[in-house]
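The values are calculated or read from the model by the stated rules, or taken from the named source; none is laboratory data. Predicted model only: the values in this text are computed from it and were never measured. Reconstructed Cβ throughout: ideal geometry from the backbone, glycine too, with neighbour counts over all protein chains shown. Note: accessible area is taken over every heavy atom of the protein model, side chains too, but ligands, DNA and RNA are not part of it. Shrake-Rupley method; radii C 1.70, N 1.55, O 1.52, S 1.80 Å.
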Amino acid sequence: MREDEPLDVLVIGGGVVGAGSALDAVTRGLRVGLVEAQDWASGTSSRSSKLIHGGLRYLEMMDFRLVREALHERGLLTYRLAPHLVHPVPFLYPLTHKVWERIYVGTGIAIYDVMASNARSVPRLPRHRHLSRREALREAPSLRPDYITGAIAYFDAQVDDARHTVTVVRTAANFGALVASRTRVVGLERVGDRVSGARVVDLESGEDFVIHARHVISATGVWTDAIYELAGEPPRTHVRASKGIHLLVARKRLDLPMGLILRTEKSVLFVIPWGTHWIIGTTDTDWAGDRAHPVATEEDIQYLLEHLNAVLREPLRRDEIEGVYAGLRPLIDGTAGTTSKLSREHMVDGSLPGLTVIAGGKYTTYRIMARDVVDEAARHLGRVVPTSCTESVPLAGADGWSAIWRSRSELAERHGLDVTAVEHLLGRYGTLVSEVLSLIDGDPTMGERLVPEHEYLRAEVVYAVTHEGALHVEDVLQRRTHLSIETSDQAMSAAEVAVTLMAPILDWDDVMIKGELTSYLRSCQQESH
């Protein structure tokens, strides 16, 4: 991004909404830049529950428009935009009261299914089904017989949030967007009362420069208030940071055929299948600490254990938790006294000339949020701008997904891998898998696992650097993979292997290698509970 080449739109924030905004704008024919202070998805967009869902909770709150919108996006992502990254996942809703609860919950989930089936131009997920107490216990032996009276099984969808966000960034770049991570905005430029760009610092080189733009979009989530401060303006609305934590336990620990959804007095608790683990979450509490490093407290952990153990035949012990992570939701402040009551609706503020701010919302509806904020920005560009087309723009790796999935056995034989390894790669890269496989063809050691007990391959570390913008070990182990939360040692053993693979590509000497390992250890310590 050169100082003498003004952009039509500069997007600040490399989470899923910022990435989606860059993609939306560039596919309208605009000249677009995207900057992120850290790594892509380094904030909220790598710390979610990793679900793409309509939100049964919001249906109960009578927010039918939000649920309908989210279910439509769920269908688009699962079947058109990112079928390699978003997959249907079944859930069991245990019932604990007779008659009235089955009617109440069953009616809600039936409405949920009907709203999903009315989504335009996309297939629907399988419909829900009712289970008796005996059927529920047969399918989910880990549940307490004396606790449940039956269950309802239904479907939602799951995503690797960080990988999806990186893929949105790559897709935007493929269409011509100029993208730069580790590029911090330190000031907003003004011409009169109008924002005309941003002063940024390249955190890798230390260089600072100005990016001129006809319009600036802020998609900075829980850092939204800071953007107003850089503009020298009071916040038009306040964004509250709501902390949600998640636990990881071994998949073999719970004898369940599908995920669980449980009601608590404060939030909804999910038990979500995730590779060789279960993800258990989440909480919903105010966070006033460092927004870059939210931390799970012992109280948070015990809250989840207490509510999950209420339905388990064999209670989960504290020492069986293998990983913990915490994230912050950017909630639009209102009159509610607690974050668990705040809406997930988003707001778009275009009141400051040259700057449009978007905040709030939920991961599932990122594309809608991006469309809305670019619509507002386009109004101020002084020319006709085409409408959004991202509803029909598959993400990188999506085109030809069904065909390449059916050829996985042939791919495995051709490249000397087992089918499980190829399925793992296809579920992460889609049709871009050929780029990863070419690394293995050139060096068979690239087909070896990074750590023995997990499916990530050495080639994926190299690919993360050469194709996905990873610049540091934490980028690879915390976001391109999730080994930092999937291993009991926070992937320190994997870090030692990863750094040897990254060093030749990034020209690291021995001092820099040592610094990378130290930095990664510090990053893990900052987020440890």
>> Which residue, Val465, Tyr520, Leu304, has the largest displacement toward the positive end of the dipole of the chain when charges sit on each Cβ (Lys, Arg +1; Asp, Glu -1)?
In response: Leu304
> Stretched out fully, how many nm does the piece from Arg65 to Ser434 gain, at 0.36 nm a residue minus the Cα gap?
Replying inline: 128.8 nm
> Could you state the number of Å between the C-alpha centres of segment 369-401 and segment 246-277?
Replying inline: 35
> Antiparallel as a % of all DSSP beta bridges within the chain, to the nearest 5?
Replying inline: 80
> Among the aspartates and glutamates, which have Cα under 15 Å from the Cα of Lys50 when same-chain residues fewer than 8 positions away are ignored?
Replying inline: Glu73, Asp156, Asp160, Asp161, Glu486
> Can you give me the Cα centroid spacing of segment 1-79 and segment 455-480 in angstrom?
Replying inline: 22
> Between Glu448 and Glu189, how many nm apart are label points set 7 Å from Cα along the C-beta direction?
Replying inline: 5.0
> When the helices in the chain are scored as -39500 (n - 2.57) per DSSP H run of 4 or longer and the sum is shared across all residues, what 222 nm value do you end up with, to the nearest 500 deg cm²/dmol?
Replying inline: -10500 deg cm²/dmol
> For the chain, with every protein chain kept in place, what is the accessible area per residue (1.4 Å probe, Å²)?
Replying inline: 40
>> Can you compute the charge dipole magnitude of the chain about its Cα centre, using +1 on each Lys and Arg Cβ and -1 on each Asp and Glu Cβ, nothing else charged? Give it in debye, rounded to the nearest 20.
In response: 2220
>> Tell me which of Leu260, Thr282, Gly361 sits at the most positive position along the dipole axis of the chain, charges placed on C-beta atoms (Lys, Arg +1; Asp, Glu -1).
In response: Leu260
>> Give the aspartates and glutamates whose C-alpha is closer than 12 Å to that of Lys252, dropping any in the same chain fewer than 8 places away, or say none.
In response: Glu320
> Amide H neighbours of Leu457 under 5 Å, counting only residues 5+ apart in sequence or on other chains, H built in-plane at 1.01 Å?
Replying inline: Leu450
> Which of the peptides 263-273, 165-175, 356-366 is most tightly packed, and how do the rest follow, going by the mean number of other Cβ atoms within 10 Å of each residue?
Replying inline: 356-366, 165-175, 263-273
>> Cβ neighbours within 10 Å, averaged per peptide: list 58-70, 99-111 in order, most packed at the top.
In response: 58-70, 99-111
> Using 7 Å Cα-to-Cβ label points, what is the Ala110/Arg383 separation (nm, one decimal)?
Replying inline: 5.5
> Under 15 Å from the Cα of Lys266, which aspartates and glutamates turn up, not counting those fewer than eight places away in the same chain?
Replying inline: Glu60, Asp284, Asp286, Glu299, Asp300, Glu306
> For segment 462-529, what size does the Cα cloud have along each of its three principal axes, sorted from largest down, in whole Å?
Replying inline: 34, 25, 17
> Taking the highest mean first, how do the peptides 40-47, 419-426, 511-518 order by number of other beta carbon atoms within 10 angstrom per residue?
Replying inline: 40-47, 419-426, 511-518
>> With +1 on the Cβ of every Lys and Arg and -1 on the Cβ of every Asp and Glu, and nothing else charged, how large is the dipole of segment 393-458 about its Cα centre, in debye rounded to the nearest 20?
In response: 140
>> Rounded to the nearest percent, how much of the accessible area of the chain (1.4 Å probe, protein heavy atoms only) is carbon and sulfur?
In response: 52
> Can you list the residues, at least 5 places off or on another chain, whose amide H is less than 5 Å from the amide H of Ile279, using H built in the peptide plane?
Replying inline: Ile272, Trp274
> Using Cα pairs under 8 angstrom and six or more residues apart, how large is the relative contact order of segment 1-73, in percent?
Replying inline: 26
